[in-house]
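This report refers to the structure that appears directly beneath it.
Derivation of every value follows stated rules applied to the coordinates shown; laboratory data play no part. Being a predicted model, the structure only gives us computed values, none of them experimental. Here the Cβ positions follow ideal geometry from the backbone for every residue, glycine too, while neighbour counts run over all protein chains shown.
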Amino acid sequence: MKKEEEQDNNEIIINLDDFKPMKLIISIENMTSRVSVFRDRKIYPKDKEDLIQHGDFPIELHELTDKGFILEVPDKCCSSGHMVKVTFETENKRPDEYFTFLTKVADDDQPLDEEDEKRARYQDPRQVYLFTIHHSDLEKLPRFEKMFFKNQEIAEELFETLRGR
Amino acid sequence: MAKTEHDPVALFKAYIANRKVLIADPSRTSRNALLKIMGTLGAPPNHVLRAETYQEAFDMIKNEKPHVVICEYDLGPRCGLELLQTFREQFPETKECVFTLLTSNNSQSAITQAAEEDVDAFILKPYSQDTLTRNLLRAALAKVNPPDYLKAIERGKTFLFDKKFDEALNEFKNAELLDPKPALASFYIGQTELMKTLLDEAESSFKKGLTFNKIHYKCMVGLYELLMQKKLYADAYDVVRRMSRLFPANPKRLASVLRLAIMNKNYDDIERYYQLFTGIDHREEELIQYICASLVVCGKYYLRSNYPNRGIELFEKAAISAAGRAKFLKEIILGLCEFGLHKEARSTLRRFSSEQQGTAEYLSLRYLIDTFDHGPAEIYAIGNQLLRDGHADPILYRVILKNLHDQNQPDKIENIMMDALSKFPEQKEAFEKAKSGKMF
């Protein structure tokens, strides 16, 4: 290793290798209505091998809450009160980045105001729900959150370093 | 002392109470979640604007002039960062205006780009209310209540924006006295000197900044750009190579880094830059062209240096990155054929799209590869047929001319040469070479 590279390695305060850009693959299995959704494909009955399709990942994770998460899901795949199994995995299939949660759909997708209602009706076919994790799976939540918060922490540190002072 | 002086949420509430907020995000979920959070932070609902597309957001920034913008990185086909320019135009004095980038694009290069563009906060999705609140508060309070050092720098930046260079220099020099490690002040002194075309002074200032903080990104960028301006390419490359080891790549700069690496014959670095390139989500055409060209040059270098496997590997990467761009596929095939690697050349030929496969260029390259499998007479016959069928192309002529030279057919050479020059006079040198038996 060149001397200059050795010096640089001593200077590095952020280990960029700790930052893991990840693409999430989310599938859900509605235990109440017996509908499974994987990458926007509804399957009756469920057969995971058949479910693997190329395309977009329309189930999106937006926000982590105290006892669950907010997902944007395809239209009519669940309703308030349904029990749903939600599986998260990353594209690189790392076993420590694989999570399954039994959840209850806790909130219906009610428009916030007139403007939101208009957009929801005419522009957006997606549904938004808060998924509350069943108490038996709650212990997994901190490890799940850490997967994202670690990246945010490094991103903030890197962002501040790059901006300098 | 009033409670608000210490409570960040209360300070933020006071800050936001009379200001407009724009939330620009294609996702309704995200817009609604942000709207709720902004409500809890004290933003009056009628002051929070929502935009779904880039154009909608652009118009709202122009017409409504929001002080706080929370923007998704991916706004349809446009990048949310592009809105920053419009935002800054509305508020040239950046103090008290906050631009937050929110993104599910969690690539390292996106962070670099955001930091270099002076975005105030960078938040990854999925976020929690805590993360969002913490970052928004920090960004807004840093604007409202900055330390004296940053206040002086902000004043200097305002002068710099108005091209009042001497006043700007005074402010930045004053700032230098207000912090024990004032690398950012040194950077802005350097920038001001650069704008006054005092290149040597600017160089000293950037280097001075780096004595306070050896890895100060902005000072490194300033020094790199200055050295480029001074045409000191080897020195500029040293700086930028160091940056690429310490920080993620900024896609906007990677193209010129590749150019410098090739100019300075630093072929060993190209593969590392290729790795950086593969980590970039938004790849502009210029960057794709540069990476392909660099990989081809580098591949040829390794083939010439007797490292065939490495050369082939780089050509393979170039062919993937080229994604059907004919000019690069052609260069790769020519490079492989030059070294007798016709199997690899044939495999590259398959990367032409079905629409491209009837073109004269494609047929000529296929002909070139086929010559490895045919005898001289057959080669000439096939080439002649292609010409009769109207597929004239410089490569086709070169192969025929080389073939006729090998068969010692001077009469036919002259006829083909005349025909070739009438169609492609600019290729005279290449035809002359082929005529004397050198294809490459």
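Mind checking which of B:Asn135, B:Asn264, B:Asn46 has the largest fluctuation in a GNM of chain B, springs on alpha carbons under 10 Å?
Between B:Asn135, B:Asn264, B:Asn46, it is B:Asn46 that shows the largest mean-square fluctuation.
How well do other chains shield peptide B:32-40, expressed as the mean number of their Cβ atoms within 10 Å of each residue Cβ?
Values: counts 11, 6, 2, 4, 2, 1, 0, 1, 0.
Across B:32-40, the average partner-chain Cβ count within 10 Å equals 3.
Would you work out if the range B:147-247 is rounded, prolate or oblate? Take a ≥ b ≥ c from the square roots of the eigenvalues of the alpha-carbon gyration tensor; rounded if a/c is under 1.5, else prolate when a/b is larger than b/c, oblate otherwise. Could the numbers behind the result be given before it?
Working: a/c = 2.42, a/b = 1.44, b/c = 1.69.
Judged from the Cα gyration tensor, the range B:147-247 comes out oblate (a/c at least 1.5, b/c at or above a/b).
Based on the alpha-carbon gyration tensor of the range B:3-145 and its eigenvalue square roots a ≥ b ≥ c, which shape applies: rounded if a/c is under 1.5, prolate if not and a/b is larger than b/c, or oblate?
Working: a/c = 1.36, a/b = 1.30, b/c = 1.04.
Rounded.
What are the lysines whose alpha-carbon lies under 20 Å from the alpha-carbon of B:Lys435, with same-chain residues fewer than 8 places away excluded?
B:Lys402, B:Lys412, B:Lys423
Taking the 0 to 90 degree range and rounding to the nearest ten, how far is the long axis of helix B:54-64 tilted relative to the main principal axis of chain B, both from C-alpha atoms?
30 degrees
What angle do you read, to the nearest 10 degrees and between 0 and 90, between the alpha-carbon axis of helix B:165-176 and the longest principal axis of chain B?
Rounded to the nearest ten degrees, it is 70.
Kindly provide the GluC sites (Glu not before Pro) of the range B:259-299 that DSSP labels as loop, not H, G, I, E or B, and whose Cβ sees at most 16 other Cβ atoms within 10 Å. Don't jump to the answer; show the numbers that get you there.
Values: sites: B:Glu271, B:Glu284, B:Glu285, B:Glu286; in loops: B:Glu284.
Taking the range B:259-299 and a limit of 16 other Cβ atoms within 10 Å, the loop GluC sites (Glu not before Pro) found are B:Glu284.
Give the aspartates and glutamates reachable from B:Lys343 as a straight Cα distance under 18 Å; neighbours fewer than 8 places away on the same chain don't count.
By straight Cα distance, B:Lys343 reaches B:Glu313, B:Glu316, B:Glu331, B:Asp370, B:Asp373.
Within 10 Å of each Cβ of A:64-77, how many other protein chain Cβ atoms are there on average? Could the numbers behind the result be given before it?
On the way: counts 7, 4, 3, 0, 0, 2, 5, 2, 4, 1, 0, 0, 0, 0.
Mean shielding count: 2.
Would you please give the FRET efficiency between B:Leu141 and A:Ser80, computed as 1/(1 + (r/R0)^6) with r the Cβ-Cβ distance and R0 = 41 Å, to the nearest 0.05?
Numbers: r = 38 Å, r/R0 = 0.94.
E(calc), rounded to 0.05, equals 0.60.
Over 19 Å between C-alpha atoms is what I'm after, so list which of B:Lys218/B:Lys265; B:Lys181/B:Lys218; B:Lys163/B:Lys214; B:Lys20/B:Lys143; B:Lys36/B:Lys65; B:Lys173/B:Lys207 land there. Display every interim value, and only then the final one.
Working: B:Lys218/B:Lys265 26 Å; B:Lys181/B:Lys218 14 Å; B:Lys163/B:Lys214 29 Å; B:Lys20/B:Lys143 16 Å; B:Lys36/B:Lys65 21 Å; B:Lys173/B:Lys207 15 Å.
Checking Cα-Cα distances, B:Lys218/B:Lys265; B:Lys163/B:Lys214; B:Lys36/B:Lys65 exceed 19 Å.
As a test, work out the antiparallel percent of DSSP beta bridges whose residues both lie in chain B, rounded to the nearest 5. Walk me through the numbers before you get to the answer.
Numbers: 2 of 19 bridges.
The antiparallel fraction comes to roughly 10 percent.
When chain B is treated as a GNM, springs tying every alpha-carbon pair under 10 Å, which of B:Glu116, B:Glu154, B:Glu355 comes out with the largest mean-square fluctuation?
B:Glu355
In what sequence do B:Leu198, B:Leu396, B:Leu169 fall when counting other Cβ within 10 Å, fewest first?
Values: B:Leu198 15, B:Leu396 24, B:Leu169 18.
By the 10 Å Cβ count, ascending: B:Leu198, B:Leu169, B:Leu396.
Determine the relative contact order of chain B: mean sequence separation of Cα pairs under 8 Å and six or more apart, normalised by residue count, in whole percent. Before the final figure, lay out each step's value.
Numbers: 585 pairs, mean separation 31.1, N = 440.
It rounds to 7 percent for chain B.
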